[in-house]
Amino acid sequence: MKFGISTACFYPTPIERGIEYIAALGFENVEVFVNAQSEYRRPFCTEYRRRLNALGLNVVSVHPFSSGVEGIYLFADYERRVQDTLDDYERYCECAAEWGAQFLTFHGERKVPLGLPMRQDNAQRRYEIYHQLCERAQRWGMAIAQENVAWCKSHDPEFLRGLHDNVPELKFTLDLKQAERAGHDWKDYVDAVGDRIVNLHISDHTQDRDCMLPGAGTFRFEELFDRMNGLGYDGAALIEVYSGDYQDRSELSDSLHYLNTIIRE
């Protein structure tokens, strides 16, 4: 198991400073959480690649800040908006590929669209849009990795199973805190889509807190790693918490040490 961390752990620190922190803390693998349009366009994209290379970091995945509105953009009834968004996500993939990433983390539709009335669900149209999105990503050697998210339709393992069965080119990200917030056992998601999980967002929790650094709570990481190893998983496990979930950055390196200790036992 390879461990890493998301730049989201340092938000709202600029992502160029975030990777400096990451390298200094002893991490090698990273998910870049893009926070502005300019960050996946020239010249920022090229300069960021230079900085990543100088720091010796391996970018596993990229997470768009626009994930909160993917539903009303990509799955809208207004076709021109859909096509414009597909173009925009292809630009994400182009930049992410330049940084060396393999996966684009994706949230998809909310449970209830923002400010819009509920409409009849159209699964076939949804699958067609996913096909188009995955095709755009594949042009750059990238894959779309659908994440389970508590406030999205992807909170439901059966919804994910539908995507798994109807969009074979789609990959998946398992997020532990989002599973906890959705009231599901993480194993429910592995049962649904485990053979195509390519990315792990890991965190810890207790009965009172749903997002903590690995090692600070009661989650049994040994069970997760054994299950994923049994599936032949060879990807990364990326720490993704929020800046309010720790007091000092040294706690992040302590968490990395804790994880490395588990896999050495």
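The values are calculated or read from the model by the stated rules, or taken from the named source; none is laboratory data. The shown structure was predicted, so the numbers you read here are calculated from the model rather than taken from an experiment. Using ideal geometry, Cβ is built from the backbone for each residue, glycine included, and neighbour counts are taken over all protein chains shown. For accessibility, only protein heavy atoms count, side chains too; no ligands or nucleic acids. Shrake-Rupley method; radii C 1.70, N 1.55, O 1.52, S 1.80 Å.
Quick notes on this structure:
- Output for the stretch 67-91, where each listed residue is small (Gly, Ala, Ser) and out of contact with any helix residue (DSSP H, G or I) (no Cβ under 7 Å at 6 or more places or on another chain): SER67, GLY68, GLY71
- Filtered residue count, the stretch 215-258, keeping only those that are closer than 26 Å to PRO12 by Cβ, open to solvent by less than 30 Å² (accessible area, probe 1.4 Å) and assigned to a helix (DSSP H, G or I): 3
- Hits in the stretch 169-204 (condition: assigned to a strand (DSSP E or B) and open to solvent by 50 Å² or more (accessible area, probe 1.4 Å)): LYS171
- Residue check, GLU98 open to solvent by less than 50 Å² (accessible area, probe 1.4 Å), in contact with a Lys or Arg (Cβ under 7 Å, 6 or more places away or on another chain) and not hydrophobic (A, V, I, L, M, F, W, C): yes
- Qualifying positions in the stretch 24-37 - more than 20 Å from the chain's Cα centre (by Cα) and either without any contact (Cβ under 8 Å) to a residue 60 or more places away in the chain or open to solvent by 40 Å² or more (accessible area, probe 1.4 Å) (or both): ALA24, GLY26
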